[in-house]
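Note sheet for the following structure.
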Amino acid sequence: MTSTLLADAGPLVAILNRSDAAHADCVRVLRRTTSALSTTWPVVTEATYLLGFSFDAQDGVLEMIERAELHVLSLEAGDVPAIRVLMRKYRDLPMELADASLVHVAAREGIDRIFTLDRRDFSVYRLRRGKRFTIVP
């Protein structure tokens, strides 16, 4: 698998919100990782929505992208059928679009590490051949 670390919305919010209970842990992971930090546009949308209480925090997500500290992996119309299959498969959780986009690009790109605070769902999601994510932190 590649040395990419996929980022979910929770850690992005925690990194940019000093009052978040997971702030210190997520900042520590960010400082220590040597992996490329990547995500998807649905995750960026979710994170900026959750950071709606602060323009500066929302802007911080975009600044991470602009500075190439956070790479946004592409999603095209051709990715939609696979994302729909995932959302249908995990609808009992339910799986939201942001999570489905991460699971899909992980399978597509051969990435097995996820930076998330959502251990419950990401411990259930499976990659190809039933492989589990390595969850960070």
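Any read-out appearing in this document is the output of simple, stated calculations on the displayed coordinates, not a laboratory observation. None of these values were measured; they are calculated from a predicted model. Don't worry about glycine lacking a Cβ; one is built from the backbone with ideal geometry, like all the others, and counts go over all protein chains shown.
Taking the conditions (1) under 15 Å from P11 (Cα atoms); (2) in contact with a Ser or Thr (Cβ under 8 Å, 6 or more places away or on another chain) in turn, Y49 satisfies each one other than (2).
Conditions tested, residue by residue: (1) outside any helix (DSSP H, G or I); (2) in contact (Cβ under 8 Å) with a residue 60 or more places away in the chain; (3) out of contact with any Leu (no Cβ under 8 Å at 6 or more places or on another chain); (4) closer than 21 Å to R129 by Cα.
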| position | (1), (2), (3), (4) |
| --- | --- |
| V13 | no, no, no, no |
| D20 | yes, no, yes, no |
| T34 | yes, no, yes, no |
| E46 | no, no, yes, no |
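Results for (1) surrounded by 18 or more Cβ atoms within 10 Å (Cβ to Cβ); (2) under 18 Å from L102 (Cβ atoms); (3) among the β-branched types (V, I, T), shown as yes or no for each residue.
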| residue | (1), (2), (3) |
| --- | --- |
| A7 | yes, yes, no |
| G10 | yes, yes, no |
| I15 | yes, yes, yes |
| S19 | no, no, no |
| H23 | no, no, no |
| R31 | no, no, no |
| L37 | yes, yes, no |
| V44 | yes, yes, yes |
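Does the stretch 70-110 hold any residues that are under 19 Å from P11 (Cα atoms), aliphatic (A, V, I, L, M) and outside any helix (DSSP H, G or I), and which are they? Across the stretch 70-110, the qualifying residues are L70, V72, L73, M95.
In the stretch 116-136, which residues are surrounded by 15 or more Cβ atoms within 10 Å (Cβ to Cβ), closer than 18 Å to D25 by Cβ and not charged (D, E, K, R)? Matches in the stretch 116-136: T116, L117, F122, F133, I135, V136.
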